[in-house]
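A.B. asks: I'd like to ask you about the structure that follows.
The values are calculated or read from the model by the stated rules, or taken from the named source; none is laboratory data. What you are looking at is a predicted structure, and each value in this text was computed from that prediction instead of being measured. Cβ sites come from the backbone with ideal geometry, for glycine too, and all protein chains shown count toward neighbours. Heads up: the accessible areas ignore ligands, DNA and RNA and are worked out on the full protein's heavy atoms, side chains in. Shrake-Rupley method; radii C 1.70, N 1.55, O 1.52, S 1.80 Å.
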Amino acid sequence: MPVREHRRPDHDIDPLFVNRWSPRAYTGEEIPDTILEQGFEAARWAPSARNAQPWRFIYSKRQSPSWAVVFGLLNERNRLWADKASALIAVLSKTTYDDGSLNHTHSFDAGAAWANLAHQLFLAGWHTRAIGGFDRAAAGNVLGVPEGVAVDILIAVGRQGTVDALAEEFQVQETPNGRRPLTAFVSEGVYRAG
C-alpha cells in the first residue's frame, strides 16, 4: 500500500519522514545483527542535553532465549500482532547525569534516539512500532534495570508483512495514519490550544 495515498505533507520535506510508518503486520523473518547495529549506531548520534546520552537499549530477537521473557511483558492485545516481530527493543533512559543531578530531559533525549533508530531501520527496509501497552511494573525487574533508569517504551521491529496475517480487528487499522495540521501544535510567542 503506497504511503502517498494516505499522507501528504503541507510543506516540502524529505520523503523519509512521510513514508516511515508503524505497521503491525510483520513477516517474522530473522533480522541480521548488522541491521540492528546500524539502528543503534544511528541512535547513538541523537542530540542530548549536556551530551549525556541517557538512552539505553535492551533487545531480544525472536530466536533468542530472552524472547519469551520480553514478549511476556506485552499486554494481551499487543501479543496478538507482535508475535511476528523479528525483535523487541526496550528503550530506557538514565534519569540522572553522571554527577548525580537530575536529568529532566532523559525521556526527551531517549525519544530523539528512538526516532534516529526508527528512521535508520526504515532506510534499511525494516519497520518499527512503539508499544506503550506493556507491564511497566514488571519490566524493570524482568530486564534487570537498576535504580535510576526508566523503562520508557518497547519497540517491535520487523519486515512488513501482509494485512491478512493480522487478526481482523487490526486489519482495518493497518494503514499509514495522517497527522494534525501545523496550526494544531505550532504557535508564535504564546501557547495556543489546538
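A.B. asks: Every residue in the stretch 19-49 that is within 16 Å of the chain's Cα centre (by Cα), at pLDDT 90 or above and not in a loop (DSSP other than H, G, I, E, B), please.
C.D. replies: 26, 35, 36, 37, 38, 39, 40, 41, 42, 43, 44
A.B. asks: I need every pair where a residue in the stretch 130-150 that is free of Cβ contacts under 8 Å to residues at least 60 places away in the same chain has its Cβ under 8 Å from the Cβ of a residue that is surrounded by fewer than 17 Cβ atoms within 10 Å (Cβ to Cβ), sequence separation at least 6 or different chains.
C.D. replies: These pairs meet every condition: 133/75; 133/77; 148/95; 148/96; 150/95.
A.B. asks: Do you know which residues across the stretch 30-54 are of a type in the set (Phe, Trp, Tyr) and open to solvent by less than 80 Å² (accessible area, probe 1.4 Å)? Can you show your working first?
C.D. replies: To start, the set of residues in the stretch 30-54 that are of a type in the set (Phe, Trp, Tyr) comprises 40, 45.
The one that is of a type in the set (Phe, Trp, Tyr) and open to solvent by less than 80 Å² (accessible area, probe 1.4 Å): 40.
Quick grid of which residues meet (1) of a type in the set (A, V, I, L, M); (2) open to solvent by less than 50 Å² (accessible area, probe 1.4 Å); (3) free of Cβ contacts under 8 Å to residues at least 24 places away in the same chain:
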site: 58; (1), (2), (3): yes, no, no
site: 69; (1), (2), (3): yes, no, no
site: 72; (1), (2), (3): no, yes, no
site: 75; (1), (2), (3): no, no, no
site: 102; (1), (2), (3): yes, no, yes
site: 110; (1), (2), (3): yes, yes, no
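A.B. asks: Shifting gears a bit: Restricting attention to the stretch 77-96, report how many residues are of a type outside the set (Lys, Arg) and open to solvent by 30 Å² or more (accessible area, probe 1.4 Å).
C.D. replies: Counting residues in the stretch 77-96 that are of a type outside the set (Lys, Arg) and open to solvent by 30 Å² or more (accessible area, probe 1.4 Å) gives 4.
A.B. asks: Among helices (runs of 4 or more DSSP H) lying entirely in the stretch 76-194, which contain 1 or more residues that are under 18 Å from the mean Cα position of the chain (by Cα) and modelled with pLDDT of 95 or more?
C.D. replies: Fully inside the stretch 76-194 and qualifying: 76-82, 106-123, 136-143.
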